[in-house]
Amino acid sequence: MEKLLPSYDNLHPWELYSEELLTEYRQSYEQGLDIERYKGLFEEISKMPRGEIKEKLADAIFELVGAAKMREDYKYNEPSTINEIKSLCKPYSIEKRVLDDKTLEDKVLGAWVGRICGCLLGKPIEGCWKEQIWEMLKDNDNYPMTRYLRFDKFSDAMKK
């Protein structure tokens, strides 16, 4: 049987985990993970040319981050499991009310539309700093922003 290998050539850099390793490092460290000793590894892999080897190494980094323990000096308690979260919650009461079908339908529709818009609008700029976003918007002839970012409207230099 022929082994099928993924192709990374057709993906935009923002779709590849390996292209955002430095962002992953910064976020993971800020969230208290004990990964400081791997910073050089993140930096070196992020400099590698795009391809299968870089993606495999990025996958290994992903596993490393997933298995990382919290730093001893991290001063925040940020549980991950539902039971850990519930154990920290203080009791509270809320007014329960039953929504009519139309109100419930409107609320669910609003939630889905908001989620869809957030995903569509947020992906192209995920992990970017505001200066980078301004540059992207200007390159896309969309500054100040008045419409979606369209990949086909970016200059060749910006698509890299």
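The values are calculated or read from the model by the stated rules, or taken from the named source; none is laboratory data. Treat the numbers as computed from the prediction; the structure is a model and nothing was measured. Because the Cβ atoms are built from the backbone with ideal geometry, glycine has one as well, and the counts that use them run over all protein chains shown.
Structure above, values below:
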quantity	calculated
Positions within segment 133-151 being modelled with pLDDT of 85 or more, surrounded by fewer than 14 Cβ atoms within 10 Å (Cβ to Cβ) and in a helix (DSSP H, G or I), in sequence order	Lys138
Candidate set from segment 55-82 (those that are assigned to a helix (DSSP H, G or I) and in contact (Cβ under 8 Å) with a residue 40 or more places away in the chain); member that is farthest from Arg26 (Cα to Cα)	Glu55
All positions within segment 30-54 that are under 17 Å from the mean Cα position of the chain (by Cα), at pLDDT below 95 and part of a helix (DSSP H, G or I)	Glu30, Ser46
Odd one out for Leu99 among (1) in a helix (DSSP H, G or I); (2) aliphatic (A, V, I, L, M); (3) touching a helix residue (DSSP H, G or I) at 6+ places or on another chain (Cβ under 9 Å)	(1)
Selected residue (only one of Lys102, Lys96 is at pLDDT 90 or above and over 21 Å from Leu33 (Cβ atoms))	Lys102
Any chance Glu105 is among the charged types (D, E, K, R), outside the structural domain of Leu22 (by TED's automatic domain parsing) and closer than 25 Å to Glu24 by Cβ	no
Qualifying positions in segment 47-69 - surrounded by 15 or more Cβ atoms within 10 Å (Cβ to Cβ) and hydrophobic (A, V, I, L, M, F, W, C)	Leu57, Ala58, Ile61, Leu64, Val65, Ala68
Single condition Gln27 does not satisfy, out of (1) over 16 Å from the mean Cα position of the chain (by Cα); (2) within 22 Å of Ile133 (Cβ to Cβ)	(1)
